[in-house]
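Participant: Input: one structure, supplied below.
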Amino acid sequence: MALKERAAALSNGLLRKRGVEIDQSREYPWDVVEALKAERFMGMTIPKEYGGQGRSFLDTALVIEEMARSCTVSARIVVEANMGAISTVMAYGTDAQRRRAADLVLAGDKPAICITEPEAGSDASGMKTRADKRGNRYVLNGRKHWITGAGVSRLHLIFARVFDEGGEELGVGGFLAVRGEVEGLRMSKRETTMGLCGMPEGELIFEDLEITPEMVLLPPSGFKRGFADLINAYNSQRVGAGTVAMGIAAGALEHAVEWVRTREQFGRPIGEFQGLQWMLADMQTQLTASRLMLHAAASSRGPGSAFPDPMLAAQAKIFASEAAIKIVNDALQMFGARGYSRDFPLERMARDVRMFTIGGGTAQVLRTLVASKVLGWKLPQTRDGYTILENQLDRDLGSKP
């Protein structure tokens, strides 16, 4: 429990104050990054041979929850510094790629996964960014938006459609680019978000961005079916996102409990009213269920994968993110008009928590994923969609280039 206790101390100290300031300034908290580095919360999951601690996703979840109780942006940094892009590089990268990525994260970088595009959100397979092979290099052109950490992240894991020199499409690949070390990667704008205000979300433009062979992240399945391997990164990312939501809810519940114990109306603490007691009971039950689901997902492994089981991760994120919105809203309600004021933390929590049924896979798309696993079918969402058994789909794909 020493890990959780250290995280709680940082959360209850520096982050309790900085959470408010970060929200108001909308500035990325480099001082918090230094504090996270000092506590060795950056790159916890990086193997020891690359300078990390070799900790599990469950260990990371324990830290994330504590961070999110006080500062959502700080919790998001911990997610990105231990899951998602960095875990993908550690799973599929070469020794040199792993060392480079580890050095960046341990120095304080929050890597960015670059998948989402203006016309390819939930339909990630519809991306238009392309990587054209020219000699021994790949040249990337296109744009991504809603990229978390745009403008502050150095390491970028970019997903793009790959074409050979004859113009034939080979599949989807992952390409590593370090901001400041390449030309052709720039941020065009930053989104103005309702919450998570200190974490930039922006649009990235790739203009003849050259990727050398040593920066091509090639999973075991290669380009042809490598997208399925690379997208596994989102299984850890979903556990992280769900844990942030759950941590916000845990913080909101703590504020609510303290409030109803001390706030008096009609001559007694409002916590004595059964209506509020039942609300608190439901909030605690939802929180406990969320934590159990997330910890189970964090501890799981998908078939032949280094990442959490996709169905457990999807279910945990759906349940935890939706429960968190309900818990935070109920906590705000208990504060009455004070909860609606920016002088109290519930207003910020309500804005922050709203992101987590959207980012990293919407609750609706994840329900489709869960349903596909329940049925044992692929469930395409295209206009000419169809339902087909997975093994039949695999046979069909196996006959295509």
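Participant: Looking at this structure, is residue 14 within 18 Å of residue 297 (Cβ to Cβ) and surrounded by fewer than 24 Cβ atoms within 10 Å (Cβ to Cβ)?
Facilitator: On the way: within 18 Å of residue 297 (Cβ to Cβ): no; surrounded by fewer than 24 Cβ atoms within 10 Å (Cβ to Cβ): yes.
No; evaluated as a whole, the condition is false for this residue.
Participant: Please go through segment 34-49 and give me each residue that is surrounded by fewer than 20 Cβ atoms within 10 Å (Cβ to Cβ) and not in a loop (DSSP other than H, G, I, E, B), ordered by number.
Facilitator: First, pick out the residues of segment 34-49 that are surrounded by fewer than 20 Cβ atoms within 10 Å (Cβ to Cβ): 34-35, 37-40, 47-49.
Within segment 34-49, 34, 35, 37, 38, 48, 49 qualify.
Participant: Another one. Touching a Pro at 6+ places or on another chain (Cβ under 8 Å), open to solvent by 10 Å² or more (accessible area, probe 1.4 Å), of a type in the set (D, E, K, R) and farther than 14 Å from residue 127 by Cβ: does that describe residue 186? Steps first, answer last, please.
Facilitator: Values: touching a Pro at 6+ places or on another chain (Cβ under 8 Å): no; open to solvent by 10 Å² or more (accessible area, probe 1.4 Å): yes; of a type in the set (D, E, K, R): yes; farther than 14 Å from residue 127 by Cβ: yes.
No, not satisfied.
Participant: Kindly list, by first and then second residue, each pair from a residue in segment 267-296 that is under 14 Å from residue 256 (Cβ atoms) and open to solvent by 40 Å² or more (accessible area, probe 1.4 Å) to a residue that is outside any loop (DSSP other than H, G, I, E, B) and among the hydrophobic types (A, V, I, L, M, F, W, C), limited to pairs with Cβ atoms under 7 Å and residues at least 6 apart or on different chains.
Facilitator: 284/253; 286/323; 286/327
Participant: All but one of (1) modelled with pLDDT of 95 or more; (2) surrounded by fewer than 22 Cβ atoms within 10 Å (Cβ to Cβ) hold for residue 228; state the number of the condition that does not hold.
Facilitator: The number of the failed condition is (1).
Participant: Return the residue satisfying two criteria in turn: it lies in segment 175-224 and is of a type in the set (Lys, Arg) and within 23 Å of the chain's Cα centre (by Cα), and of such residues it is nearest to residue 29 (Cα to Cα).
Facilitator: Here is the first cut: in segment 175-224, the residues of a type in the set (Lys, Arg) are 179, 186, 189-190, 224.
In the following step, the residues that additionally are within 23 Å of the chain's Cα centre (by Cα) were identified as 179, 186, 189-190.
Numbers: 179: 19, 186: 21, 189: 19, 190: 16 Å.
It comes out as 190.
Participant: Could you tell me whether segment 43-59 includes any residue that is out of contact with any Asp or Glu (no Cβ under 9 Å at 6 or more places or on another chain) and of a type in the set (Ser, Thr, Tyr)?
Facilitator: Yes, segment 43-59 contains a residue that is out of contact with any Asp or Glu (no Cβ under 9 Å at 6 or more places or on another chain) and of a type in the set (Ser, Thr, Tyr).
Participant: While we're looking at this one, here's another question. Of everything in segment 297-332 that's open to solvent by 40 Å² or more (accessible area, probe 1.4 Å) and either free of Cβ contacts under 8 Å to residues at least 40 places away in the same chain or among the hydrophobic types (A, V, I, L, M, F, W, C) (or both), which residue is nearest to residue 249 (Cα to Cα)?
Facilitator: Per the criteria, the residue is 329.
Participant: Quick one: how many residues across segment 335-348 are buried (at least 16 other Cβ atoms within 10 Å of the Cβ) and of a type in the set (Ser, Thr, Tyr)? Steps first, answer last, please.
Facilitator: To start, the set of residues in segment 335-348 that are buried (at least 16 other Cβ atoms within 10 Å of the Cβ) comprises 335, 339, 344-348.
With the extra rule that they be of a type in the set (Ser, Thr, Tyr), the set shrinks to none.
Of the residues in that region, 0 qualify.
Participant: Do we have residue 151 as farther than 24 Å from residue 44 by Cβ, touching a strand residue (DSSP E or B) at 6+ places or on another chain (Cβ under 7 Å) and not acidic (Asp, Glu) here? Give the derivation first.
Facilitator: Details: farther than 24 Å from residue 44 by Cβ: yes; touching a strand residue (DSSP E or B) at 6+ places or on another chain (Cβ under 7 Å): yes; not acidic (Asp, Glu): yes.
When the stated conditions are applied, residue 151 passes them.
Participant: Quick check on my filter: what residues within segment 58-71 are acidic (Asp, Glu) and open to solvent by 10 Å² or more (accessible area, probe 1.4 Å)? Explain how you work it out, then say what you get.
Facilitator: At the first step, the residues of segment 58-71 found to be acidic (Asp, Glu) are 59, 65-66.
Once the filter is applied, which keeps residues that are acidic (Asp, Glu) and open to solvent by 10 Å² or more (accessible area, probe 1.4 Å), segment 58-71 yields 59, 66.
Participant: Going by the conditions given, is residue 365 under 29 Å from residue 112 (Cβ atoms), open to solvent by 50 Å² or more (accessible area, probe 1.4 Å) and in contact (Cβ under 8 Å) with a residue 60 or more places away in the chain?
Facilitator: It is true that residue 365 is under 29 Å from residue 112 (Cβ atoms), open to solvent by 50 Å² or more (accessible area, probe 1.4 Å) and in contact (Cβ under 8 Å) with a residue 60 or more places away in the chain.
Participant: Right, another one. When the residues of segment 194-209 are narrowed to those that are in contact with a strand residue (DSSP E or B) (Cβ under 6 Å, 6 or more places away or on another chain) and either loosely packed, with under 15 Cβ neighbours inside 10 Å or of a type in the set (Val, Ile, Thr) (or both), which ends up farthest from residue 247 (Cα to Cα)?
Facilitator: 208
Participant: In addition: Given (1) in contact (Cβ under 8 Å) with a residue 12 or more places away in the chain; (2) in a helix (DSSP H, G or I); (3) within 14 Å of residue 310 (Cα to Cα), identify the lone condition not met by residue 360.
Facilitator: Here residue 360 meets the rest and fails (2).
Participant: Could you tell me whether any residue of segment 157-174 is under 27 Å from residue 26 (Cα atoms) and open to solvent by less than 10 Å² (accessible area, probe 1.4 Å)?
Facilitator: Within segment 157-174, the subset under 27 Å from residue 26 (Cα atoms) is 157-158.
Then drop every residue that is not open to solvent by less than 10 Å² (accessible area, probe 1.4 Å), which leaves 157-158.
Yes - at least one qualifying residue is present in segment 157-174.
Participant: Hey, another quick one. Of the conditions (1) in contact with a Phe, Trp or Tyr (Cβ under 6 Å, 6 or more places away or on another chain); (2) modelled with pLDDT under 95, residue 302 fails just one. Which one is it?
Facilitator: Evaluating residue 302 over (1) in contact with a Phe, Trp or Tyr (Cβ under 6 Å, 6 or more places away or on another chain); (2) modelled with pLDDT under 95 leaves (1) as the failure.
Participant: Taking the conditions exactly as written (out of contact with any strand residue (DSSP E or B) (no Cβ under 7 Å at 6 or more places or on another chain), charged (D, E, K, R) and in contact (Cβ under 8 Å) with a residue 12 or more places away in the chain), does residue 66 satisfy them or not? Can you show your working first?
Facilitator: On the way: out of contact with any strand residue (DSSP E or B) (no Cβ under 7 Å at 6 or more places or on another chain): yes; charged (D, E, K, R): yes; in contact (Cβ under 8 Å) with a residue 12 or more places away in the chain: yes.
Answer is yes for this residue.
Participant: Somewhere in segment 227-239, is a residue assigned to a helix (DSSP H, G or I), among the small types (Gly, Ala, Ser) and out of contact with any strand residue (DSSP E or B) (no Cβ under 7 Å at 6 or more places or on another chain)?
Facilitator: yes
Participant: Test each condition in (1) at pLDDT 95 or above; (2) surrounded by 20 or more Cβ atoms within 10 Å (Cβ to Cβ) for residue 351 and report the one that comes out false.
Facilitator: (2)
The values are calculated or read from the model by the stated rules, or taken from the named source; none is laboratory data. What you are looking at is a predicted structure, and each value in this text was computed from that prediction instead of being measured. Note: ideal-geometry Cβ built from the backbone for every residue, glycine included; neighbour counts use all protein chains shown. What goes into the accessible areas is simple: the full protein's heavy atoms, side chains included, and nothing from ligands, DNA or RNA. Shrake-Rupley method; radii C 1.70, N 1.55, O 1.52, S 1.80 Å.
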